[in-house]
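Right, one structure below, let's go through it.
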Amino acid sequence: MVYSFVMLGTLLLFPMVAEAQVQTFTTLPSLLIPLEPTEALPASGTQGGYLFNLRPLGADFGSSLADHGIYIVGKNLSEGLANVSGGLKQGAFFEGYTALGFDLDMKRIAGATGGAVHFLIDDLQGQPFFAYSGSAYLNNRVFAGDGPAFRLNELSFDQSLFDKRVDLTVGRIPAYTQFDGSELYCTFITSLCRTPAAYTFDRGYPPYLASSWAALAQIRIAGPFYTNISVFENEPIAATTNHGGFPGPDWGLNYANGATFPVQFGYRTTLQDDPYPRAFSVGGFYVTGSYADPLLNTDGQNRVLFGGEPKMDYGSSQVYIQAQQMVYRPDASDRGLTVFGGANWTTSGQPNVERMIFAGAYYKGAFAPRPNDTLGVAVSLVNVNPRVTERVNSILSKSTGGQASQSEVSYEVNYGFAVAPGMLIKPFLEFISHPDQANASAPSGNVTHAIFVGALFEVDVASLFGLPTLSR
């Protein structure tokens, strides 16, 4: 916890010249500046193209809980997928993610103005995507790591300070979701949710399903400018099956392996102050601690060919840039087309992902009669560390022969059909070119692509039943 206390003390002394904090809602990652609050959904009826509306069923109950400072949080993601061509194997499979918890407004409960407690647990079901695709780094949204698991997603305390100019969060927090992210990324099934693969996979993934000790701050500098600063405990066990059981054996620092220090500087407007909202950010991180080299043994040789124990590498760093811009609005509502893109570069160390470039487009309400439907297209390019590719090629040279590619590309198109407020069905199509096979025990030289079709069924409990949410 030394890192956390040092960072927390630094943050308390950080600039006090910021403006009012934009509200951050529990449907988005902590400290990621969101879009403006959504327009009030109809209390009854099916306006907005919905087939039905359940919000009246929970509105009174939710308001009663909110009067006592209690807000329910819940979500379910269920995916049916099928690899119809290429990859490591073809077939259909299921993956699911269920999260349930609550937010507590400590002003109402204990008179602590600006304070809130957040608790969330999650459960993963189904089979890993990688086992079918062969791609370790262009994974899908419901990413199960080593398999099904029941984990603590968050247990944190959130406090606004200096007239909401600074927002601090401390506790067990999902790793890194406050950096290199956007609310648009998780509208896609693969590659981007919650943070791009180049950011996530080299620092104790999964990015948003488990938690580790952290201290974070978001500081409003002036107007739409902000900065995020944090320190995270590096915790490799966070990626293992079931996290050692709930709540896990790692409530001390006995499983820590150094720390990650991310920083992000950004700018963001919304429909409240900009007819064509835009956002950009630049950032980077430095990781302390040790990790096994992707290829070399302790003598600096290829350990696949010459054997031996892995060479230990120490430290790594990366920088990134991302941006998004609404470019078209057909009317005065929030319907419109937004384009986005970003890139990540490794600047030191030997992480598994050397660089990543991604771009896409997101259209809300492409058809006027269905203003809450969404259409998304995204392309992601990953350049794997050359040592990872050489390791795979060395395994291939001793078995089936052939060569793996250092670069892989994912193309995805999806359409979100808004069934009801808080409920959608999203069919999608994905094509992966040259899956990396980085984690394959028996890679094949014949894996040149993978084609997936499937559908996501998503439910947000608060939105579905008209429950209030707590701004953070």
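The values are calculated or read from the model by the stated rules, or taken from the named source; none is laboratory data. Everything quoted here is computed from the prediction, not taken from an experiment. Don't worry about glycine lacking a Cβ; one is built from the backbone with ideal geometry, like all the others, and counts go over all protein chains shown. Ligands, DNA and RNA are excluded from the accessible area calculation, which covers all protein heavy atoms including side chains. Shrake-Rupley method; radii C 1.70, N 1.55, O 1.52, S 1.80 Å.
Just a few scattered comments:
- Geometric descriptor of the stretch 399-440, per residue, is 110 Å³ (volume of the convex hull of the Cα atoms).
- Computed label-point distance, nm, for sites TYR276 and PHE417 using a 7 Å Cα→Cβ extension: 3.3 nm
- Annotation: extensible slack from LYS164 through PHE150 equals 1.6 nm (criterion: 0.36 nm per residue apart, minus Cα-Cα distance).
- For the stretch 64-188, the fraction of 1.4 Å probe accessible surface lying on carbon and sulfur atoms is 61 percent.
- Note on ALA292 and GLN325: with the Förster distance fixed at 30 Å, the Cβ-Cβ geometry gives a FRET efficiency of about 0.15.
- Cross-link partners for LYS311 among the lysines, with Cα-Cα distance under 30 Å and sequence neighbours closer than 8 places in the same chain left out: LYS398.
- Cross-link reach list, lysines versus LYS364, counting only Cα pairs under 16 Å and skipping chain neighbours closer than eight places: LYS426
- Compactness relative to 2.2 N^0.38 Å, alpha carbon Rg of the stretch 240-369: 1.56
- The rule of thumb for compact globular proteins, 2.2 N^0.38 Å, goes into the C-alpha radius of gyration of the stretch 374-472 1.55 times.
- Annotation: for a label point projected 7 angstrom from Cα along Cα→Cβ of LEU51, residues of the stretch 65-82 with backbone N closer than 17 Å are 78-80.
- Accessible surface, per residue, of the stretch 89-178 when the full set of protein chains is kept, probe 1.4 Å, Å²: 34 Å²
- Between LYS89 and SER407, the modelled labels are 3.2 nm apart [label points 7 Å from Cα along Cα→Cβ].
- Inter-site label distance for PHE306 and SER63 at 7 Å from Cα along Cβ, in nm: 7.3 nm
- Heavy atoms of the protein chains alone define the surface here; on that basis the stretch 287-372 has 45 Å² accessible area per residue at 1.4 Å probe size.
- Packing here is the average count of other Cβ atoms within 10 Å per residue, and on that basis the peptides 391-402, 276-287, highest first, run 276-287, 391-402.
- What the Cβ-Cβ distance of THR113 and VAL377 gives, at R0 = 45 Å and to the nearest 0.05, is a FRET efficiency of 0.55.
- Förster radius 25 Å - calculated FRET efficiency between ALA131 and SER394, Cβ distance, rounded to 0.05: 0.70
- Scattering curve values for the stretch 251-316, log₁₀ I(q)/I(0), Debye with Cα scatterers, q = 0.18 Å⁻¹: -0.80
- The slack in the chain from ALA359 to SER317, taken as 0.36 nm per residue of separation less the alpha-carbon distance, amounts to 12.9 nm.
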